[in-house]
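The next block holds one structure in the form of structure tokens; read it before the comments.
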Amino acid sequence: MLRKPPWIKLRLPSSGEYSRVRAILRKYKLNTVCEDSLCPNLAECWGSGTFTLMILGRICTRACKFCAIKTGNPGGVVDRDEPRRVAEAVKELGMEYVVITSVTRDDLPDGGASIYAETIRRIKSSTPNVKVEVLIPDLNNDADALSQIVREKPDVIGHNIETVKRLTKIVRDPRAGYEKSLKTLKIVKELAPEIYTKSSIMLGLGETEEEVVAAMRDLREVGVDILTLGQYLQPTRRHLPVVEYVHPEKF
């Protein structure tokens, strides 16, 4: 196992803002991808009031090898009151920018699109000036399901390709796919050219610089506006090991 380099530092929770955010999330019984994915940056982000709310439960129907979120079959169970609670929490937290994501729900006919749509609608109704970004699953490239989300006009719609083409089958669940993810982003941009689309790639899984550049080109070809690159960190020993810690200067 590679030793973590000195530029990767983890902060312990200490600020009052961290405690405030945690209390409000508990009050409304909401989940965050920060907690469920065992993100090491949780304390730093929550301390500055930044976090990503995770809707549609805590059980993902897929099992990507980089992700610590629990996997299984939720059996079609959906919390219909969750959009209301999310909107109330966003208002109480005084957020100016909110990011909403979810587990993948292959057990639902629309993949959870209707809950995404209702959540966006509720947030915009209770806090009209807030910017809303959604980070969605591929919804199996169902244009009707994607349309439900697009119609609510979030400011940004993201879907992550996660890694370069060569490593996709190693890193992601077999039901995911490099081309499938590109198609998701393409459909969204075709449905609403005015909405910013976004994707993300993890580095440190064994990809080459040339492969990353090729992925960037593929994303631009489907109209993606925003790309983030991040260092992959192994959440537990059961997950894929880190192949390389990419130096900040290279980023």
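Dipole magnitude for the chain: computed about the Cα centre from +1 point charges on Lys and Arg Cβ and -1 point charges on Asp and Glu Cβ, it is near 740 debye. Estimated at 0.36 nm per residue, the fully extended path between ARG80 and ARG238 surpasses their Cα-Cα distance by 53.5 nm.
Structure note, pairs LYS189/LYS250; LYS65/LYS180; LYS70/LYS198: Cα-Cα distances above 22 angstrom occur for LYS189/LYS250; LYS70/LYS198.
Remark: spin-label model distance ALA214-LYS4 equals 3.3 nm, labels positioned 7 Å along the Cα→Cβ axis.
Among LEU205, LEU229, LEU53, the residue with the largest mean-square fluctuation in a Gaussian network model of the chain, with springs joining Cα atoms closer than 10 Å, is LEU229. Looking at the range 16-231 alone, DSSP beta bridges between its own residues are antiparallel in about 10 percent of cases.
From the alpha carbon centroid of the range 107-121 to that of the range 149-217 is 20 Å. Applying 0.36 nm per residue to the separation of HIS247 and ARG121 and subtracting their alpha-carbon distance, the gain on full extension is 41.3 nm. Relative contact order for the chain: 17 percent, from Cα pairs under 8 Å spaced at least 6 residues apart, divided by residue count. The chain gives an Rg/Rh value of 0.94, both radii derived from C-alpha positions and Rh following Kirkwood. Packing, taken as the mean count of other beta carbons within 10 Å per residue, orders the peptides 99-106, 216-223 from highest to lowest as 99-106, 216-223.
Summarising the label geometry, the points placed 7 Å from Cα in the beta-carbon direction at LYS165 and SER19 lie 5.2 nm from one another.
For the chain, modelled as a Gaussian network with Cα springs under 10 Å, which listed residue fluctuates most, PRO154, PRO174, PRO137? Maximum fluctuation in the GNM of the chain, among the listed residues, is at PRO174. Listed by chain and number, the lysines whose C-alpha is less than 18 Å from the C-alpha of LYS91, apart from same-chain residues fewer than 8 away, are LYS27, LYS29, LYS124, LYS131.
Bear in mind that the values in this text are calculations on the coordinates, not laboratory data. Remember, predicted model here, so these are calculated numbers, not experimental data. Neighbour counts run over all protein chains shown; Cβ positions are idealised from the backbone, glycine included.
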